[in-house]
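Shown next, in structure tokens, is the structure this report addresses.
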Amino acid sequence: MNVRHEIGIALLGMGVVGGGVAETLLKKPAVIAQRAGSSLIIRGALVRDLKKARAVQSPPFPVTTDAQHLLTLPEVQVVVEVMGGEQPAFSYIERALRAGKHVVTANKEVLAKHGPQLWDLAHQKGVQLRFEASVGGGIPIIAPLQRDLLANDISSVRAIINGTTNFILTRMARDGLDFGVALKQAQDLGYAEADPTNDVEGIDAAYKLAVLASLAFHTRVTAADVKHEGITKLRAKDFQYARELGYAIKLLAIASHTDGGVTVRVHPALVPQETLLAKVDGAFNAVEVKGDLTGTVTFHGLGAGPYPTASAVIADIINVARAINGADRLPPPPPPARAEGAPRLRSMEELNTSYYIRLNVHDRPGVLARIATVLGSNQISIASVIQKDADEAQNSAELVITTHPAQEARMQRALLEVAALDVVREINTSIRVEPV
Ligand SMILES: NC(=O)c1ccc[n+]([C@@H]2O[C@H](COP(=O)([O-])OP(=O)(O)OC[C@H]3O[C@@H](n4cnc5c(N)ncnc54)[C@H](OP(=O)(O)O)[C@@H]3O)[C@@H](O)[C@H]2O)c1
């Protein structure tokens, strides 16, 4: 075994995650060296603004804005990309792999958009590309999918993988807040960014789901394959009505494998209150995996923050170091290219799911019959109807309808037809219902 005394790291980014990584590597070098088989030495860190205050003050390594210099240092074996965003992160990762350096990244956006290309490049160059921190922060989920669950045929992955939206939804459910107010609270507390689009529209969760689905189903799923809907249309009363029906509302990222096809989607969903997923609150994340051998296993924990995320990044670096030192020779296998026999990606329209529909109607006899006729003509049967607040002055009433499972395409068509009925003022919300 050819053990290196030191392994050099280039840290691309010294923000929340990079700061946590640097601080931890400097705080417990002996323990980490023992586990890695080599001392892990940061040879330099890349930032945008040299004047910014950092978690690590007076670091014992150069901090630079010169990416080219850092990426070509011969004493760097592992490039750790914790900058975020698609570019220049993608180019830097590609450059590092081409130069024969191992890469550890926390970047779900780059992986969801360019993962297949980078996996191939790493394979071709005989180097490792590891990304445990890209989904679920400190929750180990990538390595279990790449290694511990390999004997299973996985039928579904259902996940709460965006802490910002889960924080907002928890506030809406517990305190009866409307979306805008809960979002403002999340921004004031630093859970949501000034521009929250990526989180509240389900884009961030879609990136992460693309990564999870690629590993779970041994195929290649990219961001463009994932259909996503956000949480902006939900209102406080939806949480109240859902609770009365026995459900919580969560933004779920779901990848399921049925009838030889894989569906990947992110949307708000009614989740039965008795399930573990319904109990995941605040900024916590959870990933539930159903395997034919394991049954259901659920991973739960902190999906963000400097130290939980540093835990995942440093574990990846340690594993790369062990591979360099010959202790663990093989990297985990990347998802194979989409080949014959790989599950096909199914469109959302083929999905079969139940629905919760809240709508505002004219308060007069025969309204429900008209709606039921439209649903029935689209082969959708009603499971329950509750009439909520009637507004006599407006002559309107609120109906909450739940349906039995029906094909998504039919449901979307029926919703358009119901909205066009003269007895219907507005369809306020329609939310899919997840089974236990
Ligand atoms: N935050 C979390 O808890 C968390 C959890 C899981 C995964 N992640 C992922 O980890 C990555 C980093 O997130 P973060 O929260 O640490 O971000 P962050 O706090 O914004 O830090 C980004 C760092 O990268 C540097 N940087 C960004 N663009 C650069 C450029 N073009 N050239 C040079 N330096 C650049 C920034 O420099 P300056 O400091 O000079 O601006 C900063 O040090 C992202 O991919 C994110 O999705 C984050």
When residues of the stretch 100-123 are limited to those that are of a type outside the set (Asp, Glu) and within 8 Å of the ligand (Cβ to nearest atom), the one most open to solvent (accessible area, probe 1.4 Å): LYS108
Consider ARG344 against the criteria (1) under 24 Å from VAL266 (Cα atoms); (2) open to solvent by less than 40 Å² (accessible area, probe 1.4 Å); (3) in contact with a Gly (Cβ under 6 Å, 6 or more places away or on another chain): it satisfies all of them except one. Which criterion is unmet? (2)
Filter result for the condition that a residue is open to solvent by 50 Å² or more (accessible area, probe 1.4 Å) and touching a helix residue (DSSP H, G or I) at 6+ places or on another chain (Cβ under 9 Å), over ALA321, ALA310, ALA315, ALA327: ALA327
Here the residues within the stretch 1-27 that are part of a strand (DSSP E or B) and open to solvent by less than 10 Å² (accessible area, probe 1.4 Å) are ILE7, GLY8, ILE9, ALA10, LEU11, LEU12
Going by what's in this entry, would GLY136 be described as within 18 Å of the chain's Cα centre (by Cα), modelled with pLDDT of 95 or more, part of a loop (DSSP other than H, G, I, E, B) and surrounded by 24 or more Cβ atoms within 10 Å (Cβ to Cβ)? yes
When you check LEU145 against the structure, is it more than 9 Å from the ligand (Cβ to nearest atom) and surrounded by fewer than 24 Cβ atoms within 10 Å (Cβ to Cβ), yes or no? no
Restrict the check to the stretch 308-320 and report whether at least one residue is touching a residue at least 24 places away in the same chain (Cβ under 8 Å) and of a type in the set (Asp, Glu). yes
Looking at the stretch 230-251, is at least one residue surrounded by 19 or more Cβ atoms within 10 Å (Cβ to Cβ), closer than 24 Å to LEU189 by Cα, among the aromatic types (Phe, Trp, Tyr) and at pLDDT 95 or above? yes
Collect the residues in the stretch 44-60 that are within 32 Å of the chain's Cα centre (by Cα), open to solvent by 70 Å² or more (accessible area, probe 1.4 Å) and basic (Lys, Arg), keeping them in residue-number order. ARG48, LYS52
Restricting to the stretch 81-99, and then to whatever is in contact with a helix residue (DSSP H, G or I) (Cβ under 6 Å, 6 or more places away or on another chain) and open to solvent by 40 Å² or more (accessible area, probe 1.4 Å), can you tell me which residue is nearest to the ligand (Cβ to nearest atom)? MET83
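The values are calculated or read from the model by the stated rules, or taken from the named source; none is laboratory data. The structure presented is a predicted model; accordingly, all values stated were derived computationally and were not measured. Cβ: placed from backbone, ideal geometry, glycine included. Neighbour counts: every protein chain shown. Note: accessible area is taken over every heavy atom of the protein model, side chains too, but ligands, DNA and RNA are not part of it. Shrake-Rupley method; radii C 1.70, N 1.55, O 1.52, S 1.80 Å.
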